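Data first, discussion second: the structure below is written as structure tokens.
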Amino acid sequence: MSMSGESVLIILLVGLVAGWLAGKVVQGAGFGVAGDLVIGIIGAFIGSWLLPQLGIHLGVGIVAAIINATIGALLFLFVVRLVRGRDSGGWRGRWGRFWGQR
């Protein structure tokens, strides 16, 4: 499988926007550039698998891809919160304790 540089750039852009949107919805702030990107790309995989299974087709184009990835990222973050619990300090809380903050 060969991907052009433009395709990789679009995937990264969609992942970044979707992760940022999901972070805004879930905790009111993003997770940083790297965190937003990882969450968005995981969300894109989840959304592109789950939505067609449910019979939901959003169409084609970058806006549809961002919506699809955001829905997947929201579901991913919801499951992470269910597994970890809300009072665990979150991702930032754990790193803050590591660096002596908090």
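The values are calculated or read from the model by the stated rules, or taken from the named source; none is laboratory data. Small disclaimer: the values here were computed from a predicted structure and weren't measured. When we count neighbours, we look across all protein chains shown, and the Cβ atoms used for this are built from the backbone with ideal geometry, even at glycine. To get the accessible areas, we keep the full protein, side chains included, count just its heavy atoms, and leave off ligands, DNA and RNA. Shrake-Rupley method; radii C 1.70, N 1.55, O 1.52, S 1.80 Å.
Among the residues of segment 44-57 satisfying the criterion of being open to solvent by 80 Å² or more (accessible area, probe 1.4 Å) and modelled with pLDDT under 90, which is farthest from Ala29 (Cα to Cα)? Here the answer is His57. Residues in segment 26-50 that are closer than 15 Å to Val79 by Cα, in contact (Cβ under 8 Å) with a residue 40 or more places away in the chain and in contact with a helix residue (DSSP H, G or I) (Cβ under 6 Å, 6 or more places away or on another chain): Val26 alone. Across segment 75-95, a minimum of one residue is classified as at pLDDT below 85, out of contact with any Pro (no Cβ under 8 Å at 6 or more places or on another chain) and more than 16 Å from Val26 (Cα to Cα).
Among the residues here, Leu16 qualifies as free of Cβ contacts under 8 Å to residues at least 40 places away in the same chain and either touching a strand residue (DSSP E or B) at 6+ places or on another chain (Cβ under 8 Å) or within 16 Å of Ile62 (Cβ to Cβ) (or both).
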